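Read the structure below first, then the notes.
Every number here is computed from the coordinates shown, using simple stated rules; none is lab data. Quick caveat: nothing in here was measured; it's all calculated off a predicted structure. Cβ atoms come from the backbone with ideal geometry, glycine included; neighbour counts cover every protein chain shown.
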Amino acid sequence: MIRVLVVEDSPTWAKNLTHLLESDGEISVVGQAANGNQAVEMAADLRPDLITMDVVIPEMDGLEATKRIMAANPTPIIIITASENEMALNLVFNAMQVGALDVINKGAVDDDAWRHDLLTKVKAYANASLREIGE
């Protein structure tokens, strides 16, 4: 079972993303964080196999949360964002530089291609990480 932490400040998106991920029998969402501080704490406590991270979140943005998670508990991170303004794009690029593996633009949860892309990437990155540590 792939254990995922969802970091998303929108309750609707967090719920939809959790439902989508758990619709796949190989994935379990072990926690939801609504801000960067919670993300860092939950990553340490839950030790998920993968994290989905929004970059524009309260208290500590996704870039800083990614930096702290990668320093303390390296975990595969996929950035999921709808923001296309300059500040958000800078956060995304910088998050990739400090360890995030991929970025996916928020799409329609009922779009089959988007769902397939997300689930495929979650499984690939989480399984690669599991193989690296010998589990």
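Some points to look at:
- Fully extended contour minus Cα-Cα distance, from residue 45 to residue 93, at 0.36 nm per residue: 14.6 nm
- In the frame of its principal axes, the stretch 1-67 has Cα extents of 32, 24, 14 Å, reported largest first.
- ³J(HN,Hα), Karplus 6.51/-1.76/1.60, whole Hz, each residue of the stretch 76-81, x for Gly, Pro: x, 10, 10, 7, 10, 9
- Counting only aspartates and glutamates at least 8 places from residue 123 when in the same chain, those with an alpha carbon closer than 16 Å to its own are 22, 24, 26, 49, 102, 132, 135.
- A cut-off of 5 Å between modelled amide H atoms, ignoring neighbours fewer than 5 places along the same chain, links residue 80 with 53, 54, 55, 104.
- Cβ-Cβ distance of residue 82 and residue 22, R₀ of 22 Å, FRET efficiency by 1/(1 + (r/R0)^6): the value works out to about 0.55.
- Taking every C-alpha pair closer than 8 Å and separated by at least 6 residues, the mean separation divided by the residue count of the chain gives a relative contact order of 23 percent.
- Across all Cα atoms of the stretch 2-129, the radius of gyration (one decimal) and Dmax (whole number) stand at 12.9, 37 Å.
- Amide H contacts of residue 29 (H built 1.01 Å from N, under 5 Å, at least 5 apart or other chain): 4
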